[in-house]
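Here's the structure we're looking at; comments come further down.
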Amino acid sequence: MGLTRVPGLLFGGDYNPEQWPEHVWDEDVRLMAEAGVNMATVAVFSWSRLEPRRGEYEFGWLDRIMDLLHEHGVAADLATATATPPPWLVREHPGVLPVDAAGTRLDFGSRQSYCPSSPVFREATVRLARVMAERYREHPALAMWHISNEYADHTLECFCEESARHFRRWLSARHGSIDGLNAAWGTSCWGQHYTSYDQVNPPRKAPGPVNPAQVLDWRRFCSDALLECFELEKAVLREVTPDIPVTTNFMSILHGLDYWKWAAAEDVVSDDAYPDPADPASHVAVALSYDLMRSLKRRPWLLLEQAGGAVSWREVNAPKPPGMMRLHSLQALAHGADGAMFFQWRQAKYGPEKFHSALLPHGGTASRGWRDTLRLGADLKRLAEIAGSATRAEVALVLDWESWWGLEAPESMPSNRLKLKALLQAWYEPLHATGVAVDLVPAGGDLSGHRVVIVPNLYMCTGEQAGWLADFGGHLIVGPFSGVTDPDDQVHDGGAPGPLRGLLGVAVDEFWPLPDGLVQRVRLAPATGGEPGHVLSARTWTEWLRVEDAEVLARYEGGDLDGQAAITRRGTVTYLGCLLDDVTPVLSEVLARAGVEPVADVPEGVEATRRGRYLFLLNHATSPAKVNLREPGKDLLTGRDLSGPIEIPARDAVVLRTDPQPTGAQPGGTGTLTDADTDVPPTEGER
Ligand code: GAL
């Protein structure tokens with residue numbers, strides 16, 4: 001089953017025909033067909049053009065576009081057009097406009113100018129979604145619904161009175177009586193005891209630090225409030241067009257929205273990713289978010305937006321050098337995407353994004369960008385057979401949004417330097433560099449098929465989550481400052497690691513964050529398999545541990561913690577009480593014990609992933625790379641049969657179709673790999 005009814009891999013981009021005179025449309029669709037575009041995202045910001053006055057609709061132009069697309073073999077990822085309310089709505093009802101934490105109402109003139117809790121806004125979106133669904137339900141171009149756009153991009157939260165009332169309703173559903181809230185929020189601190197919900201507000205700007213439990217509930221509420229907006233529109237689409245899959249485009253690893261919850265509510269996971277071409281390591285960070293996208297439903301996903309070249313919203317917007325746009329697109333496929341789409345089809349003539357790159361640049365078909373577009377379109381056709389193929393990973397990284405929100409509460413932590421994305425990346429980078437596949441899992445998620453589970457941090461941890469980790473039974477690595485608080489952000493009795501204490505066999509006597517720039521030496525014991533006495537370095541965070549029932553793998557050397565335990569192990573559970581500059585020695589030893597193998601042997605700069613029988617080798621380096629293939633196969637990009645030592649040119653790739661593997665023989669795999677592995681089983685509850 002594909003992501004949509006369109007066969008093969010999806011290719012195309014956001015298409016904004018309303019920004020162009022009609023005579024340009026014919027050229028657009030002709031060139032789309034020439035480039036092999038098979039999907040266009042339309043009407044994302046079109047509300048004011050579709051409903052220019054309340055209840056008056058002008059669908060003629062969109063009808064013509066939908067027809068034209070269909071005539072040229074292009075399917076529509078049709079937006080419900082609700083990403084920006086029209087001017088008439090916000091002027092009629094100024095309460096639709098969002099209010100910031102300091103109480104300033106933001107004006108119209110950009111996009112996402114709405115309060116997520118506004119009943120007027122919600123009602124108007126649902127009405128428009130219904131009109132759209134009823135109008136296009138039978139249209140042959142309609143292949144997917146695109147609700148709103150990048151929720152929380154500009155508007156994650158609104159602090160107006162309407163939002164305050166909504167927040168209070170949400171709080172009373174969570175905490176029951178006001179005393180429930182008082183207990184959960186610890187309002188005995190700083191004299192915040194409430195006697196009625198009417199007294200409770202969003203965490204608006206206050207004289208000093210705001211109660212972190214209030215901020216935490218606000219984070220949960222804001223994610224839920226936007227999800228309600230999504231669900232309201234989705235319910236209408238489901239009712240009118242039950243067979244059309246629904247998506248909303250995610251923003252990689254976004255702090256504000258709990259994507260585990262969000263992904264469960266949509267049919268297709270789609271993502272927008274904008275790695276900075278000027279950053280030579282940006283392909284590593286983006287690979288982590290691609291692995292998250294694949295893991296959200298444990299099935300293929302869609303790269304719905306990326307840039308063909310430069311974006312327009314950085315301080316300096318670097319273009320993509322030759323080969324990079326193609327390589328980055330192949331990278332998304334390598335990590336489980338079933339399509340590579342772009343913002344946007346035709347480069348804009350006006351507005352804030354007129355310098356943002358596009359598949360069809362200002363220079364038209366004479367440009368290098370256009371030649372890249374044609375090349376990628378042709379490559380994606382060659383790769384069509386990979387659509388639907390599954391990735392298997394034996395290593396899981398735990399990512400839990402609630403714990404993340406707790407960890408990064410402002411102004412009340414032992415150190416503000418612990419940032420979850422960086423903690424995840426510290427483990428992901430060496431795995432990525434060696435070609436070990438990684439899944440992301442939520443705390444409490446499915447660990448079947450994983451041999452190694454890494455918890456970079458689980459600041460907030462319940463007894464059930466601790467039990468889930470204890471039940472895993474494989475090789476577990478837990479990072480520092482975990483098991484500290486409960487879901488109300490209250491410190492567990494006895495302190496950290498709270499419910500993880502029995503599993504880890506250690507207690508944290510005192511957190512020992514390090515000032516910026518200070519380096520703490522950590523000496524590994526020979527037992528780790530590293531060189532005897534190998535010295536590592538830690539920065540930012542250390543802990544004074546009391547070792548209760550664990551062996552000590554490494555001790556601090558010098559400094560305040562000289563001689564204290566830094567890394568411990570109990571059975572197959574390794575605990576790090578510090579942030580190492582490089583986790584590789586600890587990680588490789590655990591991977592070796594667990595028998596986890598990379599999917600290929602690759603030199604620095606080459607990324608290796610496997611989807612079913614397809615091996616992706618991506619050379620991100622600016623010079624050619626040599627790879628020794630473990631198994632022969634056909635390179636789908638060139639049609640050549642390859643085996644043994646090969647050379648991959650700079651910023652180029654090989655996508656090798658290998659023979660289906662016999663039982664147990666998949667490099668890096670756990671079980672049987674047959675042709676059946678290329679079919680992704682639908683997850684529970686999917687249509
Ligand atoms: C995304 C957005 C698009 C476009 C793009 C530019 O965040 O969804 O509409 O603005 O960025 O990079």
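The values are calculated or read from the model by the stated rules, or taken from the named source; none is laboratory data. Quick caveat, the model's predicted, so the values are computed rather than measured. Note that each Cβ is placed from the backbone with ideal geometry, even for glycine, and that neighbours are counted across all protein chains shown. Accessible surface areas use protein heavy atoms only, side chains included; no ligands, DNA or RNA. Shrake-Rupley method; radii C 1.70, N 1.55, O 1.52, S 1.80 Å.
When the test is whether a residue is open to solvent by 40 Å² or more (accessible area, probe 1.4 Å) and assigned to a loop (DSSP other than H, G, I, E, B), residue 471 does not pass it.
Here residue 208 clears all of (1) within 16 Å of the ligand (Cβ to nearest atom); (2) surrounded by fewer than 14 Cβ atoms within 10 Å (Cβ to Cβ) except the condition numbered (1). From the list 268, 284, the lone residue that is of a type in the set (A, V, I, L, M, F, W, C) and open to solvent by less than 10 Å² (accessible area, probe 1.4 Å) is 268. Select from region 20-48 the residues that are in contact with a Ser or Thr (Cβ under 8 Å, 6 or more places away or on another chain) and open to solvent by 10 Å² or more (accessible area, probe 1.4 Å) and write down the one among them that is farthest from the ligand (Cβ to nearest atom). That would be 48. Evaluated against (1) touching a Leu at 6+ places or on another chain (Cβ under 7 Å); (2) open to solvent by less than 10 Å² (accessible area, probe 1.4 Å); (3) without any contact (Cβ under 8 Å) to a residue 60 or more places away in the chain, residue 58 falls short on exactly one condition, (2). The set of residues in region 230-249 being of a type in the set (A, V, I, L, M, F, W, C) and either in contact with a helix residue (DSSP H, G or I) (Cβ under 6 Å, 6 or more places away or on another chain) or surrounded by fewer than 17 Cβ atoms within 10 Å (Cβ to Cβ) (or both) consists of 232, 235, 236, 237, 240, 246.
All conditions in (1) among the β-branched types (Val, Ile, Thr); (2) surrounded by fewer than 21 Cβ atoms within 10 Å (Cβ to Cβ); (3) within 24 Å of the chain's Cα centre (by Cα) hold for residue 84, with the sole exception of (2). Scanning region 1-21 for residues that are of a type in the set (Phe, Trp, Tyr), within 18 Å of residue 350 (Cβ to Cβ) and either in a strand (DSSP E or B) or under 23 Å from the mean Cα position of the chain (by Cα) (or both) gives a single hit, 15.
Put simply, of 312, 270, 282, 252 the only residue that is in contact (Cβ under 8 Å) with a residue 12 or more places away in the chain, at negative phi, small (Gly, Ala, Ser) and touching an Asp or Glu at 6+ places or on another chain (Cβ under 7 Å) is 312.
In region 173-200, which residues are polar (S, T, N, Q) and open to solvent by less than 50 Å² (accessible area, probe 1.4 Å)?
Filtering region 173-200 for residues polar (S, T, N, Q) gives 177, 182, 187-188, 192, 195-196, 199.
Selection gives 182, 187, 192, 196.
Screening residue 303 on (1) without any contact (Cβ under 8 Å) to a residue 40 or more places away in the chain; (2) open to solvent by 20 Å² or more (accessible area, probe 1.4 Å); (3) of a type outside the set (D, E, K, R) shows it passes everything except condition (2).
Against the numbered list (1) within 15 Å of the chain's Cα centre (by Cα); (2) away from the ligand (no atom under 16 Å from the Cβ), residue 289 comes up short only at (2).
Of everything in region 511-534, what is at pLDDT below 95 and outside any loop (DSSP other than H, G, I, E, B)? Give them in sequence order.
Step one: filter region 511-534 for residues at pLDDT below 95, giving 524-534.
Of everything in region 511-534, those that are at pLDDT below 95 and outside any loop (DSSP other than H, G, I, E, B) turn out to be 524, 526, 527, 528.
Collect the residues in region 100-127 that are away from the ligand (no atom under 16 Å from the Cβ) and closer than 14 Å to residue 152 by Cα, keeping them in residue-number order. So that I can check it myself, show each step before the final result.
So in region 100-127, the residues away from the ligand (no atom under 16 Å from the Cβ) come out as 100-108, 115-127.
Hits for region 100-127 are 100, 115, 116, 117.
Within region 68-81, being open to solvent by 40 Å² or more (accessible area, probe 1.4 Å) and touching a Pro at 6+ places or on another chain (Cβ under 9 Å) holds for one residue alone: 70. Close contacts from region 385-413, counting a first residue that is on the phi > 0 side of the Ramachandran plot and a second that is hydrophobic (A, V, I, L, M, F, W, C) and open to solvent by 10 Å² or more (accessible area, probe 1.4 Å), with Cβ to Cβ under 6 Å and a gap of 6+ residues or different chains, come to 388/680.
If you filter region 474-510 down to residues that are open to solvent by 30 Å² or more (accessible area, probe 1.4 Å) and among the small types (Gly, Ala, Ser), you find that the one that is nearest to residue 415 (Cα to Cα) is 494. Once region 333-377 is narrowed to residues that are among the hydroxyl-bearing types (Ser, Thr, Tyr) and within 15 Å of the ligand (Cβ to nearest atom), the residue that is surrounded by the fewest Cβ atoms within 10 Å (Cβ to Cβ) is 350. If you check 477, 454 for being touching a Ser or Thr at 6+ places or on another chain (Cβ under 9 Å) and within 28 Å of residue 286 (Cβ to Cβ), only one passes: 477.
The lone criterion from (1) under 22 Å from residue 454 (Cα atoms); (2) at pLDDT 95 or above left unmet by residue 489 is number (1). Residue check: is residue 681 open to solvent by 70 Å² or more (accessible area, probe 1.4 Å) and either at pLDDT below 95 or of a type in the set (Phe, Trp, Tyr) (or both)? For residue 681, the condition - open to solvent by 70 Å² or more (accessible area, probe 1.4 Å) and either at pLDDT below 95 or of a type in the set (Phe, Trp, Tyr) (or both) - is met.
Taking region 610-661 as the region of interest, the strands (runs of 3 or more DSSP E) fully inside it that hold 2 or more residues being among the hydrophobic types (A, V, I, L, M, F, W, C), at pLDDT 95 or above and under 19 Å from residue 597 (Cβ atoms) are 614-619. What about residue 316, is it of a type in the set (Val, Ile, Thr) and surrounded by fewer than 20 Cβ atoms within 10 Å (Cβ to Cβ)? Taking the combined requirement at face value, the residue satisfies it.
Going by what's in this entry, would residue 309 be described as touching a Pro at 6+ places or on another chain (Cβ under 7 Å) and away from the ligand (no atom under 16 Å from the Cβ)? When the stated conditions are applied, residue 309 does not pass them. Being farther than 30 Å from residue 305 by Cα, open to solvent by 20 Å² or more (accessible area, probe 1.4 Å) and under 27 Å from the mean Cα position of the chain (by Cα) is the filter here; which residues of region 149-172 pass it? The one that is farther than 30 Å from residue 305 by Cα, open to solvent by 20 Å² or more (accessible area, probe 1.4 Å) and under 27 Å from the mean Cα position of the chain (by Cα): 170. Per this entry, residue 323 is counted among residues that are away from the ligand (no atom under 15 Å from the Cβ) and among the small types (Gly, Ala, Ser).
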